[in-house]
Amino acid sequence: MYVLIGGVGRMGSDLAKTLIHMGHTIAAVDTDAVACQYAREKIGVMAFEGSAVNTTVLLEAGIRKANAVIATLQEDALNLALVTLCKHYGVPQIIVRMSDRDFAEPYQLAGATHIISTTELAINRVINAIEYPQVDAMMHFEQGQIEVLKLSIPQKCSIVGRSVAEIAQDYRFPAGTLIIGYQAHPQENLNIPNGSTILESGSTILAVTKPELVRQLIDFMGLCSP
């Protein structure tokens, strides 16, 4: 994909590195000449010095052929202007970093396809770490109606050696919860398990559940005590 990033500060630079590693072609626009030079020489992106809300600069950077644009400018007002221009030029995916929650609706109206609130993400991570220290990672979907949890299975655990089907049939396993991912070892790929998949010690699972069932699921995993 051809991805255009508006702003190559810390977040923009890290995104560019990751996307290049994934095989995407990256262009970036920033008013900071030093940031652009760093992006060219150290990251390997096509960096264009100038304003990301200047149509001349955007056209030079290839906005007409962009499959996606990521707006990571410092101010929401600038990001909103960039989203509007992306919509005008027919960019299929318009991803924006939002700092102020008041911009959520304007971003939607302007045509943003994905709105990422960095503040809310950070707050959620902190709250999850406090409330559910047993959970390696947690993601919210559909305004928090669905939770996806990443859980490690300790070395000594009562469910080690049991199949996914056996666990699902255990009365203590919360109804409606599904195990959707399984990684036997950190060096192996994450796979989609089936009923016959046997859980090994030291492995990791991904489970999807309802918010009100998170504690019950953790309590069930709490059976995994030495």
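Residues checked against (1) of a type in the set (A, V, I, L, M, F, W, C); (2) modelled with pLDDT under 95; (3) at negative phi:
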| residue | (1), (2), (3) |
| --- | --- |
| Ile5 | yes, no, yes |
| Gly9 | no, yes, yes |
| Gly12 | no, yes, yes |
| Leu15 | yes, yes, yes |
| His24 | no, no, yes |
| Ala27 | yes, no, yes |
| Ala35 | yes, yes, yes |
| Lys42 | no, yes, yes |
Evaluate region 207-221: report whether one residue or more is without any contact (Cβ under 8 Å) to a residue 60 or more places away in the chain, under 22 Å from the mean Cα position of the chain (by Cα) and over 19 Å from Tyr132 (Cβ atoms). no
Looking at Ser152, Ser201, which one is among the polar types (S, T, N, Q) and crowded, with 16+ Cβ neighbours inside 10 Å? Ser152
Kindly indicate which of Thr25, Thr72, Thr56 is buried (at least 24 other Cβ atoms within 10 Å of the Cβ), of a type in the set (Ser, Thr, Tyr) and either under 22 Å from the mean Cα position of the chain (by Cα) or farther than 23 Å from Phe103 by Cβ (or both). Thr72
If the requirement is being farther than 19 Å from Gly222 by Cβ, assigned by TED's automatic domain parsing to the domain that holds Thr209 and of a type in the set (Phe, Trp, Tyr), which of these qualifies: Tyr107, Tyr171, Tyr182? Tyr182
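The values are calculated or read from the model by the stated rules, or taken from the named source; none is laboratory data. Everything numeric in this text was worked out from a predicted model, so none of it was measured. We place every Cβ from the backbone using ideal geometry, glycine too, and count neighbours over all the protein chains shown.
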